[in-house]
């Protein structure tokens, strides 16, 4: 079971807490329906005895304080609706508290200006990070050792995720569900919230060690596959590029990622197919060809196996959300 806590503090945007909380609660509900043990233990915690005054002055009755919790696997730090430097002064002990949690093995998910608390603790030094665009310049000036990624809505490095907005946070929560509980659970959650969250499911993400491994040779192959997965690629080509015998490459790839190179390549192609179906008017045949499948029927079978919908049904589900003002 994964234990997760959401920090609730003065001027926090409560939607940055309730939205991911609801999505993760849905993951628990899906587990109950499948008669599985509850995969998540969720907590909302305050930093003081008194109730926090979140943005909008929403009345709260949060009982737990962060100090009362044992080990947490995930701690979510929501965005806030005020000058982040003022909140650093309001909660001077929080950065050190977060540092201690990090040293105990906790992973962090910070949204918007919530990243300031982690940066103040020094946890983002030499680490990719992002924040709300409004604070880019001030954040970079205050924390010059942080690798601020202005072009990415989501970043990951050294067990810390940052999301630039609440919509990006929704994408990130789907990603976390997939990483923790598998692709099927992620897809069920996405389909359940498809018309509520209004997100793209695959916002640009800058990741270091996203696959939770440290095999630099395999990381380089992952980066190459991401940009070349539409091409005709086989395992011997991958092994040659990595400078290894095929058997050694296949063994190390599986050790690093828990899947074969071909399974990983197929997942990349299907993700690209989802994006094209969502954002373009290409036919199913054109989508298949663009992501590396010469056989449209085979692409459709693989897509349905991985996504749970045919390409046509998936397009019908996501396209109604998209509109454009000319």
Helix 94-103: inclination vs the chain longest Cα principal axis, degrees, rounded to 10, gives 40
If the viscosity is 1.002 mPa s and the temperature 20 °C, what Stokes-Einstein diffusion coefficient in µm²/s follows for the range 272-321 when Rh is the Kirkwood radius over Cα pairs? 203
Taking Cα atoms only, Rg over Rh for the range 1-114 with Rh from the Kirkwood formula is 0.98
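Taking 56 Å as R0, compute the FRET efficiency from the Cβ-Cβ separation of residue 82 and residue 304 and round it to 0.05. Don't jump to the answer; show the numbers that get you there.
Values: r = 47 Å, r/R0 = 0.84.
Calculated value: 0.75.
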Two-site FRET efficiency, residue 67 against residue 294, from Cβ-Cβ distance with R₀ of 45 Å, rounded to 0.05: 0.15
On each of the three principal axes of the Cα atoms of the range 103-201, give max minus min coordinate, whole Å, ordered largest first. 41, 32, 17
Per residue, what volume in Å³ does the Cα convex hull of the range 2-207 take up? 118
Measure nothing fancy, just the Cα-based angle from helix 183-197's long axis to the longest principal axis of the chain, in degrees from 0 to 90, nearest 10. 60
With everything on Cα atoms, drop me the angle between helix 166-181 and the longest principal axis of the chain, reported from 0 to 90° to the nearest 10. 60
So, with points 7 Å from each Cα along the Cβ direction, the residue 216-residue 159 label distance in nm works out to 2.2
Return the FRET efficiency for the residue pair residue 179, residue 53: r is the Cβ-Cβ distance, R0 is 30 Å, and the value is rounded to the nearest 0.05. 0.35
Across bins of 5 angstrom width beginning at 0, how are the C-alpha pair distances of the range 216-320 distributed, in whole percent? 2, 13, 23, 21, 15, 13, 9, 4, 1, 0
In the chain the DSSP beta bridges are antiparallel at a rate, in percent to nearest 5, of 20
Could you sort 10-22, 50-62, 94-106 so that the peptide with the highest average Cβ count within 10 Å comes first and the rest follow in order? 10-22, 94-106, 50-62
Just subtract the alpha-carbon distance of residue 240 and residue 226 from 0.36 nm times their residue separation and send over the number in nm, one decimal. 3.3 nm
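Read the figures in this text as sums done on the coordinates, not as results from a lab. The structure presented is a predicted model; accordingly, all values stated were derived computationally and were not measured. Reconstructed Cβ throughout: ideal geometry from the backbone, glycine too, with neighbour counts over all protein chains shown.
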